[in-house]
Amino acid sequence: MDRAYPDIFVEAERSSERVYGWTALDRVMGTSTSIRQSLMKAVVNQIVLSPPYLATLLAFPQIQRGASSEHIKSTVQNKFLDLYIPAWCIWPAVNAFTFSQVPPGWKRLAFSNVVGVAWVGWVSYLHAKPHSSTLEDGQLIIKNVQSSSEALLSSRKALI
């Protein structure tokens with residue numbers, strides 16, 4: 001469990017970057033909540049904002065533990081795709097839903113953080129795992145996301 005604590009702190013610290021990123025997307029792409037616009041924002045978010053976010057999510061716990069720069073670089077290189085590929089199964093759909101249904105500001109962040117708690121668990125699992133099978137792990141994520149969709153919808157109702 002001690003491995004999860006740094007990841008939780010990173011997630012909390014990085015939440016503000018998501019808000020700034022979303023604000024920038026709204027400023028550049030507009031504030032329309034249409035499905036088309038929300039999908040476009042979700043894809044741009046995944047391509048532009050997600051890679052540096054995930055790299056930091058992998059690097060920061062290593063920095064906190066005093067790892068060498070070579071070890072940090074190796075961790076990011078070896079585990080980045082193990083996060084980024086499954087992230088395409090989850091975050092574009094979550095973000096498209098968020099951009100179209102959840103009001104900007106703290107409600108959007110709160111909804112994203114509900115999903116982020118599960119995501120941090122996944123990141124912690126990857127940190128603890130010496131080697132990952134992306135395909136098997138991605139299939140496990142999809143199964144878990146499908147089974148928890150009702151919980152997400154009920155949390156959305158509570159936020160709005």
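Read-outs: derived from the displayed coordinates by stated rules, not from any lab. Here the structure is a predicted model, which means the values were calculated and not measured. Neighbour counts run over all protein chains shown; Cβ positions are idealised from the backbone, glycine included.
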Nitroxide proxy distance, nm - points 7 Å out along Cα→Cβ at VAL28 and THR56: 1.6
How many nm separate the modelled label positions at GLU70 and CYS89, each set 7 Å beyond the Cα in the direction of the Cβ? 3.4
Each label sits 7 Å from Cα toward the beta-carbon; between ARG36 and ASN78 the label points are separated, in nm, by 4.6
Quick calc, VAL43 & TYR20: beta-carbon distance into FRET formula, R0 22 Å, rounding 0.05, result 0.75
For region 89-94, in order, what is each residue's ³J(HN,Hα) by Karplus, 6.51 cos²θ - 1.76 cosθ + 1.60 with θ = phi - 60°, in whole Hz (x at glycine and Pro)? 7, 10, 5, x, 5, 4
